[in-house]
Amino acid sequence: MKLRLLLVVIVLVASAFLGQLMLDGSGYVLLSYGNWVLETSIWVALAALTISLIAGYFVLHMTIGLLNSGSALQRWSKDRGQNKAVRKTIQGLLALAEGNWKRSEKLLVSSAHGEAGLINYLAAARAAQQSGDYARADELLTAAANSTKGTELAVGLQQAQLQLEREQYEQCLATCLRLRKKFPKHQYANKMLLKAYMALEDWQSVVDLLPQLIKQHLIATKSAKELELKAYTALIQHVIKGRSARSKDPSALIELWNRIPQRTQLRDDFIPLADAFVHHLVELNTDGEAEEHLRRLLTRHWQPKWVRLYGWVKGDSPKKQLLFAEAQLQERPNDAVLLLTLGRLSLRNELWGKAQEYLEASLALKSDHETRAELSRLYLALNQSEKALNMLKLGLGQQLPELPMPAVQTV
């Protein structure tokens, strides 16, 4: 309020002063240009000058306004274009979600401008892929890579995914390996690489990659164990099936088995694979290797079928084999299968009396045709004909391993 009152006072004083000057005299102004002469009072000239300045100011202001209106028009046009592109992008994504591949691709490509170009091209490539136009999908991926710098990873991952869906597994693997070389710690790139290896059934590479995936928490522990078992099973089966029928060399199989970590071999879900492994060693007539691996396995997993098999295989040292089995009897004194195996190992060591004791003890715990057949053979060799005949009646037809027998005693 004080400032406004001061301005009013100043204007009134100035007006009074100016009015007094005009009353004191009008002054005289003469302007001459060529044949033109203009005469007027100083106050009229000042008024004309003031009006000219005010008019010039308004003209200048209007000119600047008109110039700025062009930029505003451009901004308005640009905003309108961006809004239209956004609407078309949304429509394209909706069409993609609805399965309208052709419409989706058309809308997304037509609105692929500016910063959203990369997203539009990637989505359009997906639409082209779904419509079965793989060549067009690859073109759109190239366009996506060219639209924005530093997009090699995003485009590469999309390309690998599309190649995997097309069952172009070799190309997918090449793409994944290229990405892993440049982005070795990228989690999704490594996960895509695992998918490529699995699709190609490259199980050794799967085994090699698993530790990194577990470290990066990209795969659950349970899933990792299942996948590891699947991979090693496939590798073992591949060696078994790929072996020549005339080849008896177990070195490749044993080398592969020894690469399996001890912690993995201790798992219960690895028992079926271990069973296939040792039985194949037996089929190759490599009893020495079979006995060694069976002994190791029995210290980790006590399986009756392996205990029985241990009595069939002929190890490099029958004496050490018997001592190992007898050590197990201390913990399992009432194990009928172990007693049967001990009876056979005693026969292999030509300990006839001990063999008879073990076999009879086994039969006392469990009535078993195989044990009866084994005892009848021993009784017959020991010239215990009546016992042998009784056992043969019950154990007739039972397949038995080849074992040494005592010489038949003649009267």
Within segment 204-238, the count of residues that are among the hydrophobic types (A, V, I, L, M, F, W, C) and within 16 Å of residue 172 (Cα to Cα) comes to 1
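Residue 160 - would you say it is touching a residue at least 24 places away in the same chain (Cβ under 8 Å) and either farther than 28 Å from residue 239 by Cα or touching a strand residue (DSSP E or B) at 6+ places or on another chain (Cβ under 9 Å) (or both)? Before the answer, list the steps.
On the way: touching a residue at least 24 places away in the same chain (Cβ under 8 Å): yes; either farther than 28 Å from residue 239 by Cα or touching a strand residue (DSSP E or B) at 6+ places or on another chain (Cβ under 9 Å) (or both): yes.
Answer is yes for this residue.
For every residue, the table says whether it meets (1) over 27 Å from residue 136 (Cβ atoms); (2) buried (at least 16 other Cβ atoms within 10 Å of the Cβ); (3) modelled with pLDDT under 90.
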| residue | (1), (2), (3) |
| --- | --- |
| 170 | no, no, no |
| 176 | no, yes, no |
| 187 | yes, no, yes |
| 193 | no, yes, no |
| 196 | no, yes, no |
| 205 | yes, yes, no |
| 215 | yes, no, yes |
| 220 | yes, no, yes |
Of the residues in segment 359-383, those that are open to solvent by 10 Å² or more (accessible area, probe 1.4 Å) and either of a type in the set (S, T, N, Q) or in contact with a Gly (Cβ under 6 Å, 6 or more places away or on another chain) (or both) come to 367, 369, 372, 383
*asked:* Please determine whether any residue of segment 384-393 is buried (at least 20 other Cβ atoms within 10 Å of the Cβ) and modelled with pLDDT under 85.
replied: yes
Subset of segment 132-156, residues over 19 Å from residue 101 (Cβ atoms), assigned to a helix (DSSP H, G or I) and in contact with a helix residue (DSSP H, G or I) (Cβ under 6 Å, 6 or more places away or on another chain), comes to 145, 147, 155, 156
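Consider residue 235 carefully, then state whether it is touching a Pro at 6+ places or on another chain (Cβ under 9 Å), touching a residue at least 24 places away in the same chain (Cβ under 8 Å) and either hydroxyl-bearing (Ser, Thr, Tyr) or assigned to a helix (DSSP H, G or I) (or both). Please lay out each step first, then the result.
Details: touching a Pro at 6+ places or on another chain (Cβ under 9 Å): no; touching a residue at least 24 places away in the same chain (Cβ under 8 Å): yes; either hydroxyl-bearing (Ser, Thr, Tyr) or assigned to a helix (DSSP H, G or I) (or both): yes.
When the stated conditions are applied, residue 235 does not pass them.
The values are calculated or read from the model by the stated rules, or taken from the named source; none is laboratory data. Bear in mind the structure is a predicted one, so any value in this text is a computation, not a measurement. Counting neighbours? That spans all protein chains shown, and the Cβs are built from the backbone with ideal geometry, glycine included. All accessible areas refer to the heavy atoms of the entire protein, side chains included, with ligands and DNA or RNA removed. Shrake-Rupley method; radii C 1.70, N 1.55, O 1.52, S 1.80 Å.
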